[in-house]
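Each remark here refers to the structure printed beneath this line.
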2 protein chains.
Amino acid sequence: MIDKLIDKIKATKAPIVVGLDPMMKFVPERIKKVAFDLKGETLEGAAEAIWLFNKEIVDKIYDLIPAVKPQIAMYEQFGIPGLISFQRTVDYCKQKGLVVIGDVKRGDIGSTSVAYATAHLGKVQVGNSLCTGFGEDFATVNPYLGTDGVQPFIDVCKEEKKGIFILVKTSNASSGEFQDRLVKSEVDAENNTISERPLYELVGEKVAQWGDQFIGSNGYSYVGAVVGATYPEQGRILRQIMPKAFILVPGYGAQGASGKDLVHFFDENRLGAIVNSSRGIIAAYQNDKYKQFGSANFADAARQAVIDMVADIDQALTSVGK
Amino acid sequence: MIDKLIDKIKATKAPIVVGLDPMMKFVPERIKKVAFDLKGETLEGAAEAIWLFNKEIVDKIYDLIPAVKPQIAMYEQFGIPGLISFQRTVDYCKQKGLVVIGDVKRGDIGSTSVAYATAHLGKVQVGNSLCTGFGEDFATVNPYLGTDGVQPFIDVCKEEKKGIFILVKTSNASSGEFQDRLVKSEVDAENNTISERPLYELVGEKVAQWGDQFIGSNGYSYVGAVVGATYPEQGRILRQIMPKAFILVPGYGAQGASGKDLVHFFDENRLGAIVNSSRGIIAAYQNDKYKQFGSANFADAARQAVIDMVADIDQALTSVGK
């Protein structure tokens with residue numbers, strides 16, 4: 001799947017992923033009216049609204065991009081009906097040929113991690129049948145529980161030819177509270193010194209180790225990492241620590257990062273990273289820059305925002321000779 | 001909700017929670033037959049089987065225990081039908097008067113964490129209606145993303161009078177990979193020293209800070225912690241670092257810990273901790289000790305295992321004068 005993702009990035013010349021994180025405040029009134037008329041002001045009505053919203057956006061942008069990243073929390077808040085819309089979104093995007101990264105940030109231990117990996121990337125045995133749960137192509141994974149939590153995902157990826165992105169350095173303001181703490185690492189007995197470095201570097205090293213045996217034909221592993229665009233300097237270091245990890249980069253646009261913050265995440269061939277934007281694309285029509293589209297044409301605004309984002313990254317990479 | 005949990009622990013004299021983590025291999029053939037005859041060897045059939053399995057166990061043990069802890073991964077692996085069984089289980093246990101701890105280990109940032117907190121503990125606005133998603137009483141939360149990730153859960157808990165348990169030191173073998181790393185903490189300028197301690201202690205301190213303002217009438221906060229029974233010495237230290245945090249303790253039974261490992265988690269009034277057992281209870285009939293019950297009476301075996309677990313903890317606490 002990492003090869004499919006890279007092939008699609010090359011074909012579209014767009015190292016970006018659109019976060020399908022629909023909040024009710026992004027959904028235009030006309031769509032809400034259709035959905036609520038059909039299903040009421042209920043969880044079912046909300047779920048219908050976000051599905052219709054997603055579909056209109058996907059129909060307008062699918063030819064420009066390699067991948068989408070639905071954030072499951074935005075669906076889960078609407079209970080079972082919301083998760084049915086998550087499933088419809090995953091299935092529809094796959095039909096459209098898009099790679100689907102399930103932003104689920106799951107992580108547990110042993111048989112529980114096996115169950116999560118199965119839910120999102122694998123197949124489950126029921127009697128004599130093999131059944132598929134949500135069936136994304138990639139999932140995001142939380143590493144706090146260590147190898148016990150991550151290994152089951154890697155095993156399922158190997159079996160199913162899928163991939164994961166492990167949280168290393170997240171894009172939020174307080175990510176440093178734990179992730180930036182200096183931890184003691186190796187003891188150098190000869191010089192009687194103990195090296196120390198931030199926790200995220202240690203996690204990055206683990207990601208590199210976990211992924212080392214699972215390299216696709218393009219030179220990148222199917223065990224990738226999440227590193228926030230809001231921390232470009234840390235991104236530069238992590239790019240070196242994890243040379244074969246594809247990096248999923250959140251934080252562009254609404255969270256404050258721009259093209260110039262991204263250049264260190266990419267290799268000389270403009271590969272190695274895929275940059276996410278969520279509300280910057282799907283709610284572009286609510287941004288001053290795109291307000292001329294109006295809420296009626298919210299999906300056209302999203303298309304223009306995709307084109308502008310690709311151009312911004314292209315320009316930034318060109319300016320550093322990549 | 002922390003007060004309700006404590007009241008129920010006092011009433012049942014059972015500081016335990018039963019993990020409703022149904023795997024297909026635990027479900028007796030007769031239940032699978034009923035479910036598959038009804039819905040086929042499909043996700044729906046599996047979901048029906050685990051629901052019937054849960055219901056029979058809950059009916060047999062609900063009078064003995066204060067709380068259940070369904071592990072959502074075990075349902076999520078069966079996709080939407082599985083999550084419908086999760087919802088049925090949550091609703092049924094609440095009807096039976098049990099406190100429901102959703103073991104979801106969610107954690108993200110900002111609006112995404114708000115969405116997760118809403119999904120499991122809160123209410124979501126749809127038009128002019130307020131709707132409830134999964135509606136558990138407590139949820140487990142992953143702290144790797146820092147305060148940004150945790151605060152939205154605390155806010156929802158405050159609004160809804162619910163609670164959380166934050167992962168501090170998990171019960172698995174590789175939990176130490178990151179959680180045990182020594183991190184630099186405070187600089188003592190006067191003595192020119194820098195204190196250092198394991199990451200889990202730092203997380204524990206944060207849990208204590210986060211929960212400090214939200215203390216119930218029994219003296220415990222609705223911001224609790226998860227600390228594995230498999231690490232009793234760390235539990236002793238964390239009990240002191242987080243004196244007001246109720247501790248959810250996994251790792252008893254199948255994972256190897258027994259009553260004597262638990263004594264440091266409790267205060268002098270036998271409060272402050274609630275010990276989980278999952279397969280040790282729900283799959284007791286597969287254990288040599290309870291095999292005389294047979295698969296037909298799997299729920300009776302579960303009841304006996306609950307009684308034995310309560311006695312084991314009681315004896316251990318008595319032996320240390322608690």
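Just so it is clear, none of the values below were taken in a lab; they were calculated from the coordinates. The shown structure was predicted, so the numbers you read here are calculated from the model rather than taken from an experiment. Because the Cβ atoms are built from the backbone with ideal geometry, glycine has one as well, and the counts that use them run over all protein chains shown.
Of note:
- Against the empirical curve 2.2 N^0.38 Å, the C-alpha radius of gyration of region B:147-188 lands at a ratio of 1.62.
- A simple charge model with +1 on the Cβ of Lys and Arg, -1 on the Cβ of Asp and Glu and nothing else charged puts the dipole of region B:33-132 at about 280 debye relative to its Cα centre.
- Expressed as a fraction of 2.2 N^0.38 Å, the C-alpha radius of gyration for region A:172-277 is 1.14.
- Backbone phi angles across region B:288-297, fed through the Karplus curve with coefficients 6.51, -1.76 and 1.60 (θ = phi - 60°), yield HN-Hα couplings of 3, 4, 10, 5, 5, 5, x, 5, 4, 10 Hz in residue order; Gly and Pro are listed as x.
- Lysine pairs with alpha-carbon atoms under 17 Å apart, region B:118-243, spacing 8 or more or separate chains: 5
- Over all orientations, region A:60-103 has a Cα convex hull whose mean projected area works out to 2.9 square nanometres.
- Taking the label point 7 Å along Cα→Cβ, B:V320 and its counterparts in the other copies are spaced 5.3 nm apart, in ascending order.
- Compactness of region B:263-310, expressed as Rg and Dmax over alpha-carbon positions, Å: 13.2, 41
- A simple rule links phi to the HN-Hα coupling: the Karplus curve 6.51 cos²θ - 1.76 cosθ + 1.60 with θ = phi - 60°, which for region A:63-79 gives 6, 9, 10, x, 7, 10, 9, x, 8, 4, 4, 5, 9, 4, 5, 9, x Hz, with x for Gly and Pro.
- Whole-Hz Karplus values for region B:137-153 come out as 8, 10, 9, 8, 9, 8, x, 4, 8, x, 3, 3, x, 8, 3, x, 5 Hz, taken residue by residue from phi with 6.51 cos²θ - 1.76 cosθ + 1.60 and θ = phi - 60°; glycine and proline positions read x.
- Shape descriptor for the protein assembly as shown: Rg over Rh equals 0.97 (Cα atoms; Rh from the Kirkwood inverse mean 1/r).
- 5 angstrom amide H check on A:I274, placed H, neighbours 5+ away: A:I247, A:L248, A:V249
- Nearest-ten-degree value, helix A:298-319 long axis tilted from longest Cα axis of chain A: 30 degrees
- The A:K13 and A:E205 beta-carbon pair, evaluated with R₀ = 25 Å, returns a calculated FRET efficiency of approximately 0.20.
- Here B:A296 yields copy-to-copy label distances, from shortest upward, of 7.2 nm, the label point defined as 7 Å from Cα along Cα to C-beta.
- Considering every alpha-carbon pair of chain B, the percent of pairs per 20 Å bin, from zero through the bin containing the longest distance, is 32, 57, 10, 0.
- Cα centroid separation - region B:62-130 against region A:68-82, whole Å: 14 Å
- Projecting label points 7 angstrom from Cα along Cα→Cβ for B:K291 and B:Q240 puts them 4.5 nm apart.
- With bins 5 Å wide beginning at 0, the percent of Cα pairs of region A:36-166 falling in each bin runs 2, 11, 19, 20, 18, 15, 9, 5, 1, 0.
- Taking 0.36 nm per residue of separation and subtracting the Cα-Cα distance, full extension of the segment from A:D59 to A:D155 would add 31.2 nm.
- The coefficient of translational diffusion for region B:1-113, derived via Stokes-Einstein from the alpha carbon Kirkwood radius under 25 °C and 0.890 mPa s, stands at 165 µm²/s.
- Here, region A:116-244 has an Rg and a Dmax of 16.8, 60 Å when only alpha carbons are counted.
- Column: log10 I(q)/I(0), Debye, Cα scatterers of region A:214-322, q = 0.13, 0.17, 0.19, 0.22 Å⁻¹: -0.52, -0.80, -0.93, -1.11
- The equivalent ellipsoid of region A:93-167 has semi-axes of 19, 16, 9 Å, largest first, where each one is the square root of 5 times an eigenvalue of the Cα gyration tensor.
- Computing FRET efficiency as 1/(1 + (r/R0)^6) for B:Q213 and B:K94, where r is the C-beta to C-beta distance and R0 is 30 Å, gives about 0.65.
- FRET efficiency, B:D3 to B:N128 (Cβ-Cβ, R0 41 Å, nearest 0.05): 0.80
- For B:P243, inter-copy label distances in nm, listed shortest first [label point 7 Å out on the Cα-Cβ vector]: 5.3
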